[in-house]
Amino acid sequence: MGGVSEDLSTSTLHLNSDNDQRVYFVPYRWWKDAHDSVTGDAGGKRGLPLLALPGSSYAGPMKIINSIFSSDLVFNLRREEDSSQNSENREVGISGRDYALVSGEMWVQALKWHSDSKSSTRNGGSFSAAENNIADVYPLQLRLSIQREANILGVRISKKDNVVELFRRACKIFNVESELLRIWDFSGETISFFTNSNKQRQSDQELLLELQVYGLSDFIKCKEGKKDELANSILGNSCGSSLMMNGVSGNGSASCFRVNSSVFSGSSREAGSLGLTGLQNLGNTCFMNSALQCLVHTPKLVDYFLGDYGREINHDNPLGMNGEIALAFGDMLRKLWAPGASPVAPRTFKSKLARFAPQFSGFNQHDSQELLAFLLDGLHEDLNRVKKKPYVEVKDGDGRPDNEVADEYWQNHLARNDSIIVDVCQGQYKSTLVCPICKKVSTTFDPFMYLSLPLPSTTTRTMTLTVVSTDGSTPAPHTITVPKSGKWEDLIKALSISCSLKADETLLVAEVYNNRILRYLEEPADSLSLIRDGDRLVAYRLAKDDEEMPLAVFMHQSIEEQYINGKRTTRLKAFGFPLVAKLPSAFNGSDIQAIYKKLLSPFQVPAQDALEENRTSDVDAIEKTREVENGTNSGSACAIDPLRSEDADNSPPDADLQFYTTDEKGFVRGSEIQVGEFVVGSEKSKRLYVLVSWPEKQIERYDTRLLTSLPEVFQSSYLTKRPQESVSLYKCLEAFLQEEPLGPEDMWYCPTCKKHCQASKKLDLWRLPEILVIHLKRFSYSRFMKNKLETYVDFPVDDLDLSMHVAYKNGHSCTRYVLYAVSNHYGSMGGGHYTAFVHQGGDQWYDFDDSHVYPIGLDKIKSSAAYVLFYRRVVA
């Protein structure tokens, strides 16, 4: 190999030490774009394909000691003899795992082409290497050893040979454990290792190769000392040789490029991976960023738009957008996949989007799936290879085999629609309609771009109500399960079973708010969706007798004494939930008091507790008497005799309660209800509203906590969370494919009956696309409300098998898929935030949150925020 000198003391061969034949290690796609454009030949010079494999067979010197104690990076390069003819047609560059080895002259030519593509000239002069381009170059020392096995080359990258930060980058780039890594050698440096005579195939000898790595710098945040070390390393290796620029060779002193160490501080993107570039949020554009990140990481689309896609733009399609959407999308994709790119501001794309889709103009939040649907359709029409769409007559099956009819439909579709979007994203499903009258069967085979799957979420709902009886039993909460879309009669039925309602009893359910009854829930056909989780419901257990008998509704009011500026005043305060009981047809004040006393019996404090409370009251009374005698309590007009408290205790417990008529809100205190006085209720409502005033001493006789504690229908808190609804993706697919009748607004015209009818419809998957996009229908709309389903969908990540859901069993298409991207929505309807998860090789996923890109664990991929799933087909 030219330029090789041997150092016998170290038994190491140094390459490229005598001349300017430096080797550059660059992204394959970056090199190929420049090479194909300059030469005009996409199938021109072919590089030597090398496949990187784990280096278990490394045979360098001190093999055993190195494998035990060293943390050096070791791998093998295997020459791919059989793939040289077709490897360049494979998917390249999608995860930054394809690289090229090029000479210094080749690198400069490619650098010039990429620079010229951004700006035709610089100050009207010839090309010169920009400082930021040189800053993106750093050296990496590799030790190569020739293996005894043919076509295998051992590689070792040592910490001793490289700066710590550069070694860390090398570990990122050459991580061969996670996924395949290929290197295309266009420089010719490695071909000699496989062709030289056996005299150079010595297992005890290493060859030192210095690579100039370009386009893979992440400008890692490093310590201040490392910045200078890194810069000096590059300076020391960049200034000792000349570079060819526009065919002019310069000497070392003239061609030495100054590097400022500050360029190494900045973003924290991962080294060695392309495509890890965020999109700036222009103002509520996270929905757009999420959908775009998923699309720009779709394998075939990346290769297509990094290639010469402009040749396929259809400027004559009236359904297209004159190629403007395709050009804006392609330009943005190239910026996102550029080496060392910083977050991109998609202003041009957004302006084009707003022009052709005004619904996305402005800065309001939108639906990422709606944008995705428009964009896929727009890209298809802009890139449709069919310049003039022929007229195609749709024919009925007429008893022909389904596969024959399906192929005919598909060919008719391709005759009018042929684009990269059709190639990659479109499938076909079978639609079967059956007339309910004549049983006429109509079968069609229609294309689809994505699947919108319903979420068959849990159909039940748990609700808690407090049941209050009139027989003296303590009120008790009852939690029942009812249909989520059920009616009021479903709740009454479930609650009757839960509280063991007798045949001669009935339930009156009311919503309580601010210590009064807000409304009665009595219509059996009312929807349970009218009840919110935060409502508080009471079910009054009443006798099922004559419905003409009036109801007494008791509301409670405490009389609190307080001293303001030395004067005693009273304050009225409502408390507790209302109590309800049936009244006799004719009743007086005594009847009302007796009924209320019976209703209060469950809340009465036991005698022993009451005695202790009374003793405490006696002590307080004595203290107050002493204060008055000593003149220290100026607020009392007279002394309180502690001996009279005993007489008060012997009085009936409800003797001091005062009863007043009031309105349904309890705001008005009407006339006082006297014992023995007949009372007349409202003839219109058959209800008597009574306001009961409680002196402070009476409240001490009852456990009012039971009267004031009323649970919510569903308590949402950190301790008691609603059970997470969960459903598998396969269940969603089954719900999408199940037979169902058409709605009244989607009537089908039966050609046999000659009229519109409500036919039954059945969908089946027939032809699956290479890229399967699945939309989970989390958002629902109605005339009165919008809702988002937070259902957790358990979707496969590594193996989505649709073999059981494809109707065409003899189809040649593979039915197994792997997940590569997810569009997520967090938050509520009409707002929230969108992000994207993208697979980047091996088990590594990244979270694209607008301009920020972070690694994310595999366990975080599945969540109730998953909204649009992107799968790619895998071939068994």
(request) Return the pairs, sorted by first residue and then second, in which the second residue is open to solvent by 20 Å² or more (accessible area, probe 1.4 Å) and in a loop (DSSP other than H, G, I, E, B), the first residue lies in the stretch 824-852 and is of a type in the set (D, E, K, R), the beta carbons are less than 6 Å apart, and the residues are 6+ apart or on different chains. (result) D850/N281
(message) Pairs please, first residue from the stretch 301-313 and among the charged types (D, E, K, R), second anywhere and open to solvent by less than 20 Å² (accessible area, probe 1.4 Å), Cβ atoms under 8 Å, 6+ apart in sequence or on different chains.
(response) D303/V92; D303/G93; E312/L383; E312/S419; E312/I420
(message) Whether any residue in the stretch 576-590 is part of a strand (DSSP E or B), open to solvent by 50 Å² or more (accessible area, probe 1.4 Å) and closer than 19 Å to E700 by Cα is what I want to check.
(response) no
(request) Considering every residue within the stretch 796-808, establish whether at least one is open to solvent by 20 Å² or more (accessible area, probe 1.4 Å), in a strand (DSSP E or B) and either of a type outside the set (G, A, S) or at pLDDT 90 or above (or both). (result) yes
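Residue-wise test of (1) assigned to a helix (DSSP H, G or I); (2) of a type in the set (F, W, Y); (3) open to solvent by less than 20 Å² (accessible area, probe 1.4 Å).
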| residue | (1), (2), (3) |
| --- | --- |
| L372 | yes, no, yes |
| D377 | yes, no, no |
| G397 | no, no, yes |
| T443 | no, no, no |
| L455 | no, no, yes |
(request) For S558, work out the one condition from (1) in a strand (DSSP E or B); (2) among the small types (G, A, S); (3) open to solvent by 10 Å² or more (accessible area, probe 1.4 Å) it doesn't fulfil. (result) (3)
(message) Being modelled with pLDDT under 85 and open to solvent by 80 Å² or more (accessible area, probe 1.4 Å) is the requirement here; does E734 meet it?
(response) no
(request) List every residue pair whose Cβ atoms sit under 8 Å apart, with the two residues 6 or more apart in sequence or on different chains, where the first one lies in the stretch 587-599 and is on the phi > 0 side of the Ramachandran plot and the second, anywhere, is open to solvent by 30 Å² or more (accessible area, probe 1.4 Å). (result) none
(message) With the requirement that a residue be among the polar types (S, T, N, Q) and either within 29 Å of V38 (Cβ to Cβ) or open to solvent by 40 Å² or more (accessible area, probe 1.4 Å) (or both), what does the stretch 304-325 give you?
(response) N314, N322
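Residues that are among the β-branched types (V, I, T): find the strands (runs of 3 or more DSSP E) completely inside the stretch 814-858 holding 3 or more of those.
In the stretch 814-858, no matching strands (runs of 3 or more DSSP E) lie anywhere.
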(message) Could you tell me how many of the residues in the stretch 338-370 are in a helix (DSSP H, G or I), surrounded by 19 or more Cβ atoms within 10 Å (Cβ to Cβ) and modelled with pLDDT of 90 or more?
(response) 6
(request) Could you tell me whether any residue of the stretch 526-546 is assigned to a loop (DSSP other than H, G, I, E, B), in contact with a helix residue (DSSP H, G or I) (Cβ under 7 Å, 6 or more places away or on another chain) and in contact (Cβ under 8 Å) with a residue 12 or more places away in the chain? (result) yes
(request) Collect the residues in the stretch 821-849 that are hydroxyl-bearing (S, T, Y) and more than 11 Å from the chain's Cα centre (by Cα), keeping them in residue-number order. (result) S828, Y846
(message) Just to verify a result, which residue in the stretch 702-721, among those that are open to solvent by 40 Å² or more (accessible area, probe 1.4 Å) and at pLDDT 85 or above, is nearest to E561 (Cα to Cα)?
(response) P711
(message) When the residues of the stretch 39-56 are narrowed to those that are surrounded by fewer than 15 Cβ atoms within 10 Å (Cβ to Cβ) and small (G, A, S), which ends up modelled with the highest pLDDT?
(response) G40
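The values are calculated or read from the model by the stated rules, or taken from the named source; none is laboratory data. As the structure is a prediction and not an experimental result, all values here were calculated from the model. Glycine gets a Cβ as well: all are built from the backbone with ideal geometry, and neighbour counts include every protein chain shown. Areas reflect the complete protein model, heavy atoms only, side chains present, ligands, DNA and RNA absent. Shrake-Rupley method; radii C 1.70, N 1.55, O 1.52, S 1.80 Å.
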